[in-house]
Amino acid sequence: MSSENIRVSPAWTRPAPLLLEAFRAYSVANLGDAVGRLGIPDGGIVPIWAGASAVGSALPVLTVAGDNKSVIDALDHIQPGDMLVINAFGYNGRAIMGDNLAQRFEFHGAVGAVVDGYVRDRSIIEELKFPVFARGLTPAGPFKNGPGTIGEAVAIGGVVVNPGDIVAADDDGIIFIPIDRAAEVLAEVTKIVELEASKDAEVQAMRHQPA
């Protein structure tokens, strides 16, 4: 399928809602340890408001730097539980999205957006409590010419993201987990959480030892 100069991939497999829910129990840091510290983009992409967190199915979008035509077209392809993952080439001259697109993403069922680029309208997006992760903020609006792609693999902060990958994001940052590794990662992250809990208990026991 295509819309003018925006290429759209055929349908892809998305993780089941119950699988996404299982991942919501864990921090990005613990999930990162569970996958051998791989799949984590560079630390330049951060939440634009404190406390933002989300877990969803990757809906990758590639756009020209400073242009969001493909991002707008992606509205027609969002399914509940999706998380927009937008390669905007890290460009800091124009915002790829603002509060209006955030509202439209949420209306169509998206749980958040990761933007390798800049965004705007932080205060309104924070009021909406829609999780957005980006490289920074600029008030300058985007062009709407294209070209771009929807539903094809993109690179985000040095990590390749495929459609349907599991995306987890919180105050620490973001991780992308291939769907075929989901069960393995969940088993491993459970062990990591148990180990960290035992280490925390050791610290608490030391605090309560008599001097």
Does Ala16 satisfy the criteria of being open to solvent by 20 Å² or more (accessible area, probe 1.4 Å) and among the small types (Gly, Ala, Ser)?
yes
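Condition check ((1) touching a Cys at 6+ places or on another chain (Cβ under 7 Å); (2) open to solvent by 10 Å² or more (accessible area, probe 1.4 Å); (3) of a type outside the set (S, T, N, Q); (4) not in a strand (DSSP E or B)) across all residues:
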residue: Ile124; (1), (2), (3), (4): no, yes, yes, yes
residue: Gly141; (1), (2), (3), (4): no, yes, yes, yes
residue: Asn145; (1), (2), (3), (4): no, yes, no, yes
residue: Ala168; (1), (2), (3), (4): no, no, yes, no
Which listed residue is out of contact with any strand residue (DSSP E or B) (no Cβ under 9 Å at 6 or more places or on another chain), closer than 29 Å to Asn30 by Cβ, touching a residue at least 60 places away in the same chain (Cβ under 8 Å) and of a type outside the set (Phe, Trp, Tyr), from Gly158, Gly112
Gly158
In the set Ala102, Ala110, which member is hydrophobic (A, V, I, L, M, F, W, C), assigned to a loop (DSSP other than H, G, I, E, B) and either open to solvent by 10 Å² or more (accessible area, probe 1.4 Å) or at pLDDT 95 or above (or both)?
Ala110
Residue check for Leu59: at pLDDT 95 or above and out of contact with any strand residue (DSSP E or B) (no Cβ under 6 Å at 6 or more places or on another chain)
no
Has segment 148-158 got at least one residue that is in a helix (DSSP H, G or I) and of a type in the set (Gly, Ala, Ser)?
no
Scope segment 45-63; condition open to solvent by 10 Å² or more (accessible area, probe 1.4 Å), assigned to a loop (DSSP other than H, G, I, E, B) and in contact with a Phe, Trp or Tyr (Cβ under 8 Å, 6 or more places away or on another chain); matching residues:
Ile48
Determine, yes or no, whether Arg37 is farther than 24 Å from Ile179 by Cβ, more than 15 Å from the chain's Cα centre (by Cα), open to solvent by 50 Å² or more (accessible area, probe 1.4 Å) and basic (Lys, Arg).
no
Among (1) among the charged types (D, E, K, R); (2) more than 20 Å from Gly56 (Cα to Cα); (3) open to solvent by 60 Å² or more (accessible area, probe 1.4 Å), Lys129 falls short only on (2)
Enumerate the pairs (first residue in segment 1-24 and within 17 Å of Ala54 (Cβ to Cβ); second residue anywhere and open to solvent by 40 Å² or more (accessible area, probe 1.4 Å) and not basic (Lys, Arg)) with beta-carbon separation below 7 Å, excluding pairs fewer than 6 apart on the same chain, so at least 6 apart or on different chains.
Arg14/Gln79; Pro15/Ile179
With the condition kept exactly as written, say whether any residue in segment 3-21 is within 23 Å of Gly157 (Cβ to Cβ), outside any strand (DSSP E or B) and touching a Phe, Trp or Tyr at 6+ places or on another chain (Cβ under 8 Å).
no
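The values are calculated or read from the model by the stated rules, or taken from the named source; none is laboratory data. Small disclaimer: the values here were computed from a predicted structure and weren't measured. Every residue, glycine as well, gets a Cβ built from its backbone with ideal geometry; the counts of neighbours run over all protein chains shown. Areas reflect the complete protein model, heavy atoms only, side chains present, ligands, DNA and RNA absent. Shrake-Rupley method; radii C 1.70, N 1.55, O 1.52, S 1.80 Å.
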